[in-house]
Each structure stands twice: as structure tokens, then as C-alpha cells.
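For reference, the structure is listed below as C-alpha cells.
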2 protein chains.
Amino acid sequence: MRLVTEAPFAPPARLLLGPGPSNVDQRVLAAQARPVIGHLDPEFLKLMDGVKAMLRSVFRTSNDFALPISGTGSAGMEAAFVNFLAPGDRVVVGVNGVFGTRMTEVAYKYGAQVERVVKPWGRVFDPSDFGPALDRGPVRLLAVVHAETSTGACQPIEGLAALAHDHGALLLVDTVTSLGGVPVDTDGWGADIVYSGTQKCLSVPPGLAPLTLSARALAALKVRAAAGPLFPGVVPPPSNPNSIQSWYLDLTQLARYWGTDRVYHHTAPISALYGLHEGLRIVLEEGLEARWQRHARNSAALWAGLGALGLKPWAEEGHRLASLNAVTVPDGVDEAAVRKALLVEHGIEIGGGLGELKGLIWRVGLMGHSSRLENVVRLIEALAKVLSGRMKLPDPTRALAAAEAAGR
Amino acid sequence: MRLVTEAPFAPPARLLLGPGPSNVDQRVLAAQARPVIGHLDPEFLKLMDGVKAMLRSVFRTSNDFALPISGTGSAGMEAAFVNFLAPGDRVVVGVNGVFGTRMTEVAYKYGAQVERVVKPWGRVFDPSDFGPALDRGPVRLLAVVHAETSTGACQPIEGLAALAHDHGALLLVDTVTSLGGVPVDTDGWGADIVYSGTQKCLSVPPGLAPLTLSARALAALKVRAAAGPLFPGVVPPPSNPNSIQSWYLDLTQLARYWGTDRVYHHTAPISALYGLHEGLRIVLEEGLEARWQRHARNSAALWAGLGALGLKPWAEEGHRLASLNAVTVPDGVDEAAVRKALLVEHGIEIGGGLGELKGLIWRVGLMGHSSRLENVVRLIEALAKVLSGRMKLPDPTRALAAAEAAGR
């Protein structure tokens, strides 16, 4: 059989202003190049403890359970659902974008009865929106997306935990595009299951999904794990695994692997954890409040510049994410051609719309290391050039001045 | 809330001769430090194609489907089972170690009827061992572990595909500890579902699980995906996902993401794929046959040295893995203390026994970049020193000479 060898891969220089990954600090990249050691090495166990401690700080929680799942943010979502749902359980999901929709798909895979509470994409929910669905019967989870990456909307979480708990449900929150860039306050919210990804506001390469569980969620997990066989007539093996419908994402096993017992489960992704450790150090050196302010300031600069170019935001006013800025594509402009020109002629990546917003919006990420005033200015400048042949544009020098003034 | 920041992590120097990870070539580490680009960037798509092409070479297959799952080898195992099993399906599993046992646990999670065919740990199966279990009724999968990492035994695969196919089953093979170090011949075997990990004989950090599917497996996957709702009474969401019981590991979605459509599924772990791309280049530059011979030669050197020290192999003669060498712990020796002394005093990691072999064996990995004569010599030398106070030992200079002679 002929062996196919490839040329070495040399990635081009890119300014990453899409929906993720964001640009990664050289310190994180250097950490990923450190020599690999064993995942049960006493020195590596210290790194695991450090990652857990720093995740608690970034999630703003005193939860004992806080660890990165060995998969991307989507694995975090699946872990959040599969550990708490048995076939037939009811779950109420807020659906106002791709990731709320995805939650319904994931919950369906495990046999849950999914109750969708729907809003137009770009708008957010009021706690009262969930009342009727919660009242209709016993509910296991109330699930919402804090930062809807597909629309640029930021869902307020306040009031949702009390509502969920009053109905005997746990509150599940997706913070993939907010953690480390937009205020996430796990304990203040009273949220029970909160997960994220690394490649957005943490500016660590994709591949891990930080996840934290409240004491209430841990208690529910224990009950869930102790439940009898899921499938009638199926004889468990003598090693008797619990009834959670995933082996790889079973949080009871992950808790033992990441806990003081260090019971072997899988082999942790060593290099990725080196990167996350260094990335979390950078986040905490800057400080969460300073980081949130930086994200807010640079988003304001972006909108000042885009506004001066005549471009409009998509998401609901007052609920726009600083980390992910959804821009309405002007009538008659070929949005894909604009993105391609930005990438090829200017080395800048921005995102297009997903799902029902395909063709209608651009998604400009200003996340983590990428959230800098000079990047905003570079984008405004490039976008003005690319758009100038395609639509009637105001004077771009005013847009640049507006962005720079707002970003100081 | 007080923010906890940690000191930077500086991994100690380690010679990795355990069950994985193995030592990683500096070229792979350097690749992981390259700038991150977007996962839908046209340049990144080329890298994905290159990874697929090289995986086909390493798996020795012309299968269209060959890609790395975004999780560790255990995620590969779960993907292999969850995509082909519906509740109630019968699966026959060869159990002669930890990873065959794990297969039964994984299959159970998805409601399969698991039929265990058992051998003592360290021994291998004859195709005829599976006959009675296969004959007892319709079977979806025949699953075996090619390289049992927990025992050091190498299961012959010849004859199993015909047997499985005659019974209408697919042949599933775990090659986590063999791919790239011990002959794996996907097409020659006629195997249908073959997965591996990166951190063993490929010498790439843990985090990805290469997986390939035969045309027969793809056809079965199509049927499985098209099957109706799994759970009676559960209404699928309007986006109508298929009935495979995992979202993250759904191979029909991964095929579209990695295929020419590039349908967004999750965000691929960019840095890890840079590392795998470079690691596969190194494997193919050396050549598979040369690599297998190197692994065999260094394992022979190890056993020559260990034999001269009076140490005995655990696994069945004629079926010992070159990549993972299971050594019987001599009577009266505290095996954990020996491993600790090797790590702390000599910077060498070897593994202990798992499950029912805990305390009975050491596991010496000679995998990928770690499989070198100088490493064998270093281990024999260190082991002789560590054992000398603990048991009566023959002259270690003879052991070193024996290892060096066998390793030339």
C-alpha cells in the first residue's frame, strides 16, 4: 500500500475576529510545547489541582466540582445533559438561536421530553416566559444559553435559579462565549450546571470544556447514578457501571479521576491542559473585572465605528454581548464575498450567520486576546475598504475616529 | 471573591516508559505552538484533509471514513459502540483485560445485550472461542482489543472478520496501543470499525482518537441513523436529529464536518490537530514496516535484559506486544515502591497493573518515540539499581550486555 506523506503545515497569519477560536497568547502556545509527562505523575496531579482552583475563580464559584471535560464546548453541553437526564425526563429549554436548538437535539438523544420556549433569534427571555412550561409538570432541568454565539444576545440569568428550584429543577447555563469576557457569576446566579469552552474569551485553543456543578447538582447526580438499569432486560456487566448514558462523559467517574482518589478513567489531554493552565493564569493576572471592562470597551469602540459606517447591530438593545457582535448585513451586499475579501486580502477572519441567520448577519468576535482596540481599528479600516466597492459608505475616517474615541 | 492564581507549570524531565503517553518528538511539540487559525479557514481544511490521508496510510486502509475524534482513545471506543448499537442489540465482546471489560461497560450504557467471551488476563482468543456466542442469536458487533494495554497481550485478528460477517455482525477492533508500533492492517483484516489513540505508538500527546470505518460499517451506520425514535413517546425537535444516542460522537455529523460539505458540528481542536499532523508525518517518514521492526527489536532487547535479571513476562508466549511489555513482579517485591524509586531517583515512568493485575505486573511501554535502545538500557540499569536492595539479583552487567546485543 502506498504511504501518503504530507508537507509540513505552516498556518497563515490571521487576526481571529470570528466566533472562535480567538487569537492565542504566545505564552499559551509556548506552554503547549512543553514536554509531555504522564497523566498520573505526581507533578501532573498538581497541575490538575491548579486548573481546578483557577476554574473556580473564573466561574466565580466555591463549588467543589469544577474541571475541564476532555472535549470541546459541545462535549461540555452533552455532559451537562447526559448526566442529569433519564429517558422520559422533562426538560425546558430556551431556544433563541443555534445553541438553544442544539440543546434540544442533545436532550432528545437521551430520550428526554423537550419543552421548547421560543423567542426570535437575537431577543432574550424574561423569567416569566418559562413559567407556563415549568408549570406543566415535573421538570428535571431548565436550560438556557447565557451568550448565544449565533445571535450576539446575552441572556440575563438573574431570577432563573429561584424559578427552576421552585419547580424542583436544576438551572443549566451555557457560558461558552461569555466565560472570561462577559460577567459570569455562577454562585451569584445560583446556577447548578455551568459549562464553557476554552477557545472564546479564555483564548486557549479549542479542545476542553470547563464545567462546574453546584452542591444541588451533585446531589442530583448521585441519585441519577444510583438509578437502576435504564433499559429493561439489559444485564449490567460484573463491573457494574452506573446508569448514566455515556461512559466518556460520566461525571461521577470524572469526579473520581480529578478528585483525591485519582481513579483512572481516561488519559487526560496533557498538552491542552498545559495550555489551559497558562491561559487561566493570564485571565487571573488581568483580573475578571478588568477583563470584562476591556471587552465592554472594545465592543463599544467597534459599534461606534460600525455605526459611523452605517452598520446596525442584530441583537436586542441592552442585551448585546461584548464578546460576540452580530452585525446586520446591509441590503444587497454579498456577505460571504465580504468575509472572503477580509480573509484573503486583509488576513482577518470574521464569522457568517448560522442557521436561520445565514446570510443576514456577520459575527465579529472580540474575545480574550483578540479584544484589543488596535484590532477593532484594523477591522473597521479593512471593512471600509472591502465594502466601499459594494455599497454607498460614509467617510471611513470618521468611523475610525469614532472607534478610537470610544475605545480609550 | 478572592482570585486564586497559580505558579507557572514547568514539567520535570521524564523518560516515559509507561502505558502512555509516550515521549513526544520536539517537532510535534513545536507544531502545537504554531499560531491558531479558524477551524473553517480554507488553510485549516487542507490540514484536515492531510490528516485524513495520512490516517488512511497508517491504518493501512482505503476506507473513505478515517478521521480523529475530538476526544481521547476512550472517546474513540465510545464512538465505535454508540453509533452502531440500539437498545437491545446483541454484542459479543472478548474480555481478557481492562479494555475488553471497558467495552462491556460502554455497550451497557447504550442498552446493548452484552455477551462476554472471557479468557484469563494475558491470554488471547482463538476465533473458535467466539463461535458459541455468535451462534446464540443475531449479533450487531463482534468486538476485540488488538493490543490489551492492561496485560501486554496481542490478539490475532486474522479470521475474525469472516466469522463476524458470516453472522451478520461487524468486526470492531481497538488498536489504541498498537497503531503505529505493531502491525495493524485494517483492510487486510477486513475489520469494519477500528479506533486508536494518539499518545501511544504515534507519540502525539493524548486528546484525539483516530477512527476508521469500512464501507460495510458505513452502510450499517446509515441504517442505524435512519432508525425511528429510540425512546417511545419522545418528540424529536424540529431540527430532527437522528437516533444515535450521542450528539458529540455522532459519526454521521462528523463525516459531514470532515467531508467536503464542511457542515459545522463542533470546533475542531486546532493545536492538537497540528500535533497529530506532524506526528503522522514522522510515522510515515520512517515507514510502517521500519517502525514495526524497531518496536520489535527494542522489545526483544528489553526482554533479553529483563530475562538476564531473572524477570519474567506476564502475557502468553507468542502473543506479546512489542509496544507494551508486561513484567511479572517478583515475589516479595513492593511493586509500587519500585515504580516510585524509578520515577523519583531516575526520572523514568513505568506503569503498574490495572484491575485484577494490580500489584502483579509492571507495564513497560516502548512506544513510538520512546522505543529506543538507549531507553531500554537506561531502564535496565535503573531497574537493576532499584531492585538490588529488594531481591537477589544476577550481575546486572550481563543484563545490559544482553539487551544491547539483542537491540542491535
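The values are calculated or read from the model by the stated rules, or taken from the named source; none is laboratory data. Not measured: the values here are computed from a predicted model. Glycine also receives a Cβ, built like all others from the backbone with ideal geometry; neighbour counts cover every protein chain displayed.
Assorted remarks:
- B:G73 in the same structural domain as B:L160 (by TED's automatic domain parsing), under 27 Å from B:D126 (Cα atoms) and touching a His at 6+ places or on another chain (Cβ under 8 Å): yes
- Complete set of residues in region A:106-128 that are in contact with a Lys or Arg (Cβ under 9 Å, 6 or more places away or on another chain) and of a type in the set (A, V, I, L, M, F, W, C): A:A112, A:V114, A:F125
- With respect to being assigned by TED's automatic domain parsing to the domain that holds A:F81, surrounded by fewer than 24 Cβ atoms within 10 Å (Cβ to Cβ) and farther than 27 Å from B:G275 by Cβ, A:A162 fits the description.
- In region B:19-42, the residue that is surrounded by the fewest Cβ atoms within 10 Å (Cβ to Cβ) out of those that are aliphatic (A, V, I, L, M) and within 22 Å of the chain's Cα centre (by Cα) is B:L29.
One line per residue, one yes/no per condition, for (1) under 24 Å from A:V263 (Cα atoms); (2) of a type outside the set (D, E, K, R); (3) modelled with pLDDT of 95 or more; (4) assigned by TED's automatic domain parsing to the domain that holds A:H266:
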| position | (1), (2), (3), (4) |
| --- | --- |
| A:R34 | no, no, yes, yes |
| A:P68 | yes, yes, yes, yes |
| A:A79 | yes, yes, yes, yes |
| A:A86 | no, yes, no, yes |
| A:A107 | no, yes, yes, yes |
| A:R116 | no, no, yes, yes |
| A:R123 | no, no, yes, yes |
| A:S128 | no, yes, yes, yes |
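- Condition check for B:A209: within 26 Å of the chain's Cα centre (by Cα) and crowded, with 24+ Cβ neighbours inside 10 Å: yes
- Matching residues, region A:288-310, being among the hydrophobic types (A, V, I, L, M, F, W, C) and surrounded by fewer than 19 Cβ atoms within 10 Å (Cβ to Cβ): A:A290, A:A296, A:A300
- Some residue of region B:265-287 being free of Cβ contacts under 8 Å to residues at least 12 places away in the same chain and either crowded, with 17+ Cβ neighbours inside 10 Å or in contact with a Ser or Thr (Cβ under 7 Å, 6 or more places away or on another chain) (or both): yes
- The number of residues in region B:229-271 that are at pLDDT 95 or above, among the aromatic types (F, W, Y) and within 23 Å of A:V114 (Cβ to Cβ) comes to 2.
Residue by residue, here is whether (1) surrounded by fewer than 20 Cβ atoms within 10 Å (Cβ to Cβ); (2) under 19 Å from the mean Cα position of the chain (by Cα); (3) within 30 Å of B:V95 (Cα to Cα) holds:
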{"residue": "B:T328", "(1), (2), (3)": "yes, no, yes"}
{"residue": "B:A336", "(1), (2), (3)": "yes, no, yes"}
{"residue": "B:L360", "(1), (2), (3)": "yes, no, yes"}
{"residue": "B:V364", "(1), (2), (3)": "no, yes, yes"}
{"residue": "B:V377", "(1), (2), (3)": "yes, no, no"}
{"residue": "B:L383", "(1), (2), (3)": "no, no, no"}
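- B:L354 meets each of the listed conditions (1) closer than 23 Å to B:P12 by Cα; (2) surrounded by fewer than 24 Cβ atoms within 10 Å (Cβ to Cβ) apart from (1).
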